[in-house]
Amino acid sequence: MKALIKLFAFGYVAISLLFWISGLALVGMAGFEIWEAVMPGDEGGTQPRFVRILECIGLLTIAVAAFELGQTVLEEEVQRSANISTPTRVRRFMSRFMIVVIVSLAIECLVSAFQSLHGHPELLPHAAVIGLCAAALLLAWGGFIRLNIPAEHLEPQAMEDAQAEDDKIET
């Protein structure tokens, strides 16, 4: 049984590492995009440069999401010893994940809206769909938290254990 737990912990560390590598790759790509946007080239005008900078913001947003997901997996699955089946632990893990996803979608919606305003009007329906998806996820997350609160009251010790783990990890 301990070997299986160590195998899962190694798998979670590997997944976390892949998130971090993906984030670094995206930061590198964003750096290349911003370099191409600010350096004078054969593209005339500020419009193509503006679009490249917006693409850079999108890449950086996804990179931040990858870093946050890697950190969440590492902290919640490897560093913490509480059982994931407790309602408190599930709510906390889902909340960290949903924050990353919703904020990333909201920023991507803004980037798409700016792109549609500056020369790509065909992207406006895509921006609207992304915004609606972010809103739907936010509503679903709120519903999940609302329905999860009574379950947490059934296991008050789990909340105390989770808070004790937070104190231990933060120090």
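The values are calculated or read from the model by the stated rules, or taken from the named source; none is laboratory data. What you see is a predicted model, and the numbers here were worked out from it, not measured in a lab. Cβ atoms come from the backbone with ideal geometry, glycine included; neighbour counts cover every protein chain shown. Note: areas computed on protein heavy atoms with side chains; ligands, DNA, RNA excluded. Shrake-Rupley method; radii C 1.70, N 1.55, O 1.52, S 1.80 Å.
Looking at the square roots a ≥ b ≥ c of the eigenvalues of the Cα gyration tensor of segment 87-154, which shape do they give, rounded for a/c under 1.5, prolate if a/b is larger than b/c, or oblate?
Verdict is prolate for segment 87-154.
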Put 75, 68 in order of accessible area, largest first, probe 1.4 Å, and you get 68, 75
Simple spin-label estimate for residue 17 and residue 146 in nanometres, 7 Å along Cα-Cβ
4.3
So, by mean Cβ neighbours within 10 angstrom, what's the order for 89-95, 122-128, 59-65 with the highest one leading?
59-65, 89-95, 122-128
Which value in nm describes the separation of the simple spin-label points at residue 24 and residue 117, placed 7 Å from the Cα toward the beta carbon?
3.7
